[in-house]
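A.B. asks: What follows is a structure written as structure tokens; I'll ask about it next.
The values are calculated or read from the model by the stated rules, or taken from the named source; none is laboratory data. Note that the coordinates shown come from a computational prediction; the quantities given were computed from them, not determined experimentally. Every residue, glycine among them, receives a Cβ derived from its backbone with ideal geometry; neighbour counts consider all protein chains shown. Note: areas computed on protein heavy atoms with side chains; ligands, DNA, RNA excluded. Shrake-Rupley method; radii C 1.70, N 1.55, O 1.52, S 1.80 Å.
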Amino acid sequence: MAKLSGIGHATLPALAALLLGSTAALAQECCPKELVDAANKEGKLVLYTALLLDSEQIVMKEFNKKFPRVKVDIVRAPGARLFTRIETEAAAGKLGADVIDMTDRGLAKRMEGVFADYAPPNADQWNKETMISPKLWSRTTHVYGLAYNTALVKDPPKSWQDMTKPAYKGRMGLVIAGSGGTTWTTAMYQRKVLGEGYWKAVADVEPRLYESNGPLATAVVSGEVQVAMLLVNGSLPLKLDGAPIEVVYPTEGMPTTPGAAGITKTAVNPNAAKLFLNWFLSLEGQNAMVGKLGFVSLLKGADVPPGAPKDIKLWIPDKDEYEKIRDKWIDEWNVVYKYRQ
């Protein structure tokens with residue numbers, strides 16, 4: 001079994017540990033009959049998410065295998081755009097979400113007031129070092145890697161440094177740093193770990209810029225670009241479906257973004273919302289996220305991504321610094337890459 005290590009500068013032992021208790025007991029703890037009945041009576045929930053729409057649709061099938069009577073309406077937008085929508089709706093007293101899942105922990109922290117108190121039944125089995133609020137949990141933990149079109153690229157990249165090669169000039173794609181939490185984490189990692197000059201070295205290769213990982217993943221498959229900096233959950237599902245795309249786990253390490261998911265204070269379907277998060281934060285739910293999408297998990301005993309190398313070096317930024325320098329560094333990134341909204 002593969003092993004993940006390196007949460008920031010430390011190891012991630014939680015990913016190798018085993019949960020206590022039987023599967024049956026955990027299922028009952030996660031989703032007792034009383035909660036399921038109440039959720040079924042509500043019959044639906046509204047999810048606001050920064051996760052790729054295709055990814056949400058894949059794992060929602062797993063949720064509905066277990067709970068077919070709870071329909072999930074998905075509202076998806078990149079993190080920064082979703083934040084603006086939530087702020088606007090909340091200010092007008094018209095927030096439409098029952099559950100919100102943000103990839104940018106800093107932006108989630110800024111709107112902590114819209115969330116209700118919540119903790120899953122297995123809260124003691126979760127790594128809490130990266131949490132920005134006791135109300136918000138890492139239903140998703142994204143890892144950023146590389147990808148390439150297998151039909152067009154004969155000498156694929158193996159590292160972040162490879163992406164500065166002149167051979168990729170005009171053939172590479174990446175998502176703007178300000179798109180959401182995962183892209184900001186990646187930009188932060190590149191500047192802090194790979195060096196002050198890394199952004200400019202990549203910009204000199206004249207990459208094509210995209211506003212989200214979904215369109216970029218499609219561009220790799222179509223050949224619009226041949227190599228890309230791309231979320232694993234953007235590339236792995238396409239690979240599993242037989243598309244000409246390969247996942248690359250860079251040798252220097254992988255920027256890792258724990259999500260921040262919670263139930264809103266104004267939830268119209270609070271029982272369905274609780275069932276939803278309880279299940280996705282359970283061992284079964286987390287293994288679905290890892291196995292279907294290539295996420296990592298901060299839950300003890302969870303699986304590791306299919307096809308991952310023996311040791312994945314994870315880099316999770318300091319949560320305070322992550323929020324403090326975000327806006328300034330994104331502005332500087334925009335200048336380096338000549339990006340204007």
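A.B. asks: How much mean residue ellipticity at 222 nm does the chain get from its helices, if each DSSP H run of length 4 or more adds -39500 (n - 2.57) and you divide by all residues, to the nearest 500 deg cm²/dmol?
C.D. replies: So the calculated ellipticity at 222 nm is -10500 deg cm²/dmol.
A.B. asks: Rolling a 1.4 Å sphere over the protein heavy atoms, what is the accessible area per residue of segment 279-341, to the nearest Å²?
C.D. replies: On a per-residue basis, 47 Å².
A.B. asks: How much of Trp184 can a 1.4 Å solvent probe reach, expressed as accessible area in Å² and rounded to 10?
C.D. replies: 0
A.B. asks: A follow-up question, please. Might you work out the accessible area of Glu87 for me, using a 1.4 Å probe with all protein chains in place, and round it to the nearest 10 Å²?
C.D. replies: Its heavy atoms expose roughly 100 Å² to the probe.
A.B. asks: Moving on to the next point. So how far, in whole Å, is the C-alpha centre of segment 242-294 from the one of segment 307-337?
C.D. replies: 19
A.B. asks: Separate question: Does segment 48-137 classify as rounded, prolate or oblate by the C-alpha gyration tensor (a ≥ b ≥ c root eigenvalues; a/c under 1.5 gives rounded; else a/b over b/c gives prolate, otherwise oblate)?
C.D. replies: oblate
A.B. asks: Estimate the FRET efficiency between Lys310 and Leu240 by the formula 1/(1 + (r/R0)^6), using the beta-carbon distance for r and 25 Å for R0, to the nearest 0.05.
C.D. replies: Given R0 = 25 Å and the Cβ-Cβ separation, E is 0.75.
A.B. asks: In debye, nearest 20: dipole of the chain around its Cα centre with unit charges on the Cβ of K, R (+) and D, E (-)?
C.D. replies: About 260 debye.
A.B. asks: Is there a pair in Lys192/Lys313; Lys128/Lys274; Lys274/Lys313; Lys169/Lys192 whose C-alpha atoms are over 22 Å apart, and which pairs would that be?
C.D. replies: Violating the 22 Å Cα-Cα cut-off are Lys274/Lys313; Lys169/Lys192.
A.B. asks: Here's a follow-up. Between Arg110 and Val75, what is the spin-label point distance in nm, taking each point 7 Å from the Cα along the Cα→C-beta axis?
C.D. replies: Taking the two extended label points, one gets 1.8 nm.
A.B. asks: At 1.4 Å probe size, put Glu56, Glu321 in order of accessible surface, largest to smallest.
C.D. replies: So the residues, ranked largest to smallest area, are Glu321, Glu56.
A.B. asks: Let me know the longest stretch in the chain that avoids all trypsin sites (Lys or Arg not before Pro) found in a DSSP loop with at most 10 other C-beta atoms within 10 Å.
C.D. replies: 155-309
A.B. asks: With all protein chains present, how much of the accessible area of the chain (probe radius 1.4 Å) comes from carbon and sulfur, to the nearest whole percent?
C.D. replies: 53
A.B. asks: Could you check the simple spin-label distance between Lys324 and Ala123, using points 7 Å along Cα→Cβ, in nm with one decimal?
C.D. replies: 2.8
A.B. asks: Continuing with the same structure: Any idea how far the Cα center of segment 165-222 sits from the one of segment 90-122, in Å?
C.D. replies: So the two Cα centres are separated by 29 Å.
A.B. asks: By the scheme Lys and Arg +1, Asp and Glu -1, what is the net charge of all other residues having a beta-carbon under 10 Å from that of Gly214?
C.D. replies: That sum, taken over residues with Cβ under 10 Å, equals -1.
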